[in-house]
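Report on the following structure.
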Amino acid sequence: MERHRAQMAAFVLAMSILRVAHGWGIDGHYTICKIAESRLTGAAADAVKQLLPESAEDLASVCAWADRVKFRYRWSSELHYINTPDNLCKYQYSRDCKDDNGEKGRCVAGAINNYTSQLLDYGSNSIRAAYNLTEALMFLSHFMGDIHQPLHVGFTSDRGANTIDVRWYTQKQVLHHVWDNNIIETAEERYYSSNVDGLVDAIQQNITNEWADQVKDWETCSSTKPPCPDTYASESITAACQWAYEGVSEGSVLKDAYFLSRLPTVHLRLAKGGVRLAATLNRIFK
Ligand SMILES: [Zn+2]
């Protein structure tokens with residue numbers, strides 16, 4: 001009985017975390033960070049180990065941390081996404097990367113640049129090393145995931161499809177949540193015995209087989225900076241228009257036709273997020 005109650009408490013806690021989650025749900029972030037961890041150089045793996053909180057067993061276990069601190073760190077809640085002009089299907093840093101008050105640079109792309117530059121101080125004695133690099137690592141790893149969720153670079157008036165009510169099979173949902181959680185959860189239930197590690201393995205296999213000749217391109221940044229968030233954000237709004245918003249309106253019922261045609265995009269975005277997080281950390285800690 002005691003044990004049952006503890007399990008229920010854990011379940012309720014997990015559900016409440018899922019409900020407030022913005023950005024990929026827990027499993028999406030876990031998948032991206034697991035993929036990234038398997039691709040780190042020795043130097044990057046050492047730095048990550050040094051910076052992780054003592055209680056954390058690996059990077060993947062703290063990749064949803066940024067969603068849990070949104071209320072404690074209120075300033076961070078607008079750093080998880082970008083609002084772009086309605087129906088334009090294009091992103092531009094100078095126009096779109098701002099918060100609700102219009103403050104420039106306060107969006108997920110700006111946050112990725114900011115935490116990258118903080119982490120570049122790792123190992124230096126400069127006064128700026130006063131930054132909390134543990135938190136910088138956890139924010140960067142989370143935001144590299146969020147920027148790959150197509151609806152995190154969505155339209156302004158529907159707040160990244162957070163105001164579009166749909167049904168996921170029989171369940172009431174908003175479209176944003178379908179992309180954060182439901183597509184991933186349905187795939188896990190159907191194909192991976194409800195196990196996130198099965199999903200991680202399947203994506204890893206695609207990276208080494210099907211997508212092997214694309215991976216170099218994913219890793220490369222045209223600029224000299226370690227990550228290139230503007231590229232990732234542009235891809236996301238394109239995918240949002242082509243796949244997430246496409247054919248959906250208020251009250252749409254989304255079933256197999258939607259699930260099966262969108263799942264490849266979800267797999268690809270998770271794969272790119274993981275590969276690019278690793279490439280970024282490898283460039284930061286070289
Ligand atoms: Zn997030």
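The values are calculated or read from the model by the stated rules, or taken from the named source; none is laboratory data. The shown structure was predicted, so the numbers you read here are calculated from the model rather than taken from an experiment. We place every Cβ from the backbone using ideal geometry, glycine too, and count neighbours over all the protein chains shown. Ligands, DNA and RNA are excluded from the accessible area calculation, which covers all protein heavy atoms including side chains. Shrake-Rupley method; radii C 1.70, N 1.55, O 1.52, S 1.80 Å.
Points worth noting:
- Count Lys and Arg as plus one, Asp and Glu as minus one, and take only other residues whose Cβ is under 12 Å from that of GLU250; the net charge is then -1.
- Three-way shape call for the range 138-183 based on the alpha-carbon gyration tensor, with the a/c threshold at 1.5: oblate
- Accessible-area value, PHE259, 1.4 Å probe, nucleic acids and ligands omitted, Å²: 0
- For the range 235-248, 3J(HN,Hα) per residue [Karplus equation, 6.51 cos²θ - 1.76 cosθ + 1.60, θ = phi - 60°, Hz, x = Gly/Pro]: 4, 5, 5, 5, 5, 4, 5, 6, 10, 6, 6, 3, x, 10
- Straight Cα distances below 23 angstrom link LYS98 to the lysines LYS70, LYS90, LYS225, with same-chain residues fewer than 8 positions distant left out.
- Max mean-square fluctuation residue, GNM over the chain, Cα-Cα springs under 10 Å, options ALA56, ALA136, ALA244: ALA56
- Each of ILE184, ALA244, GLY110 was scored by the projection of its Cα onto the charge dipole of the chain, and the greatest displacement toward the positive side belongs to GLY110; charges sit on the C-beta of Lys, Arg, Asp and Glu.
- Average accessible surface for the range 2-284: 47 Å² per residue, computed with a 1.4 Å probe over protein heavy atoms with every protein chain in place.
- For the chain: rounded, prolate or oblate by the Cα gyration tensor [a/c cutoff 1.5]: rounded
- R0 of 35 Å, Cβ-Cβ distance PHE71-LYS104: FRET efficiency to nearest 0.05: 0.90
- FRET efficiency for the THR170 to TYR122 pair, using the beta carbon distance and R₀ = 41 Å, is estimated at 0.25.
- Largest first, the residues HIS177, HIS29 sort by 1.4 Å accessible area into HIS177, HIS29.
- Cα gyration tensor, the range 105-217 - rounded (a/c under 1.5), prolate or oblate: oblate
- Solvent-accessible surface of protein heavy atoms, probed at 1.4 angstrom with all chains present, puts TYR122, TYR81, TYR191 in the order TYR191, TYR122, TYR81, largest first.
- Rounded to 0.05, the FRET efficiency of the ASN209 and ASP256 pair, given R0 = 22 Å and the Cβ-Cβ distance, is 0.30.
- Under 14 Å from LYS286, Cα to Cα: aspartates and glutamates that are on another chain or at least 8 residues apart: ASP46, ASP121
- Ordering LYS272, LYS286 by accessible surface, largest first, gives LYS286, LYS272; the 1.4 Å probe counts only protein heavy atoms, with every chain in place.
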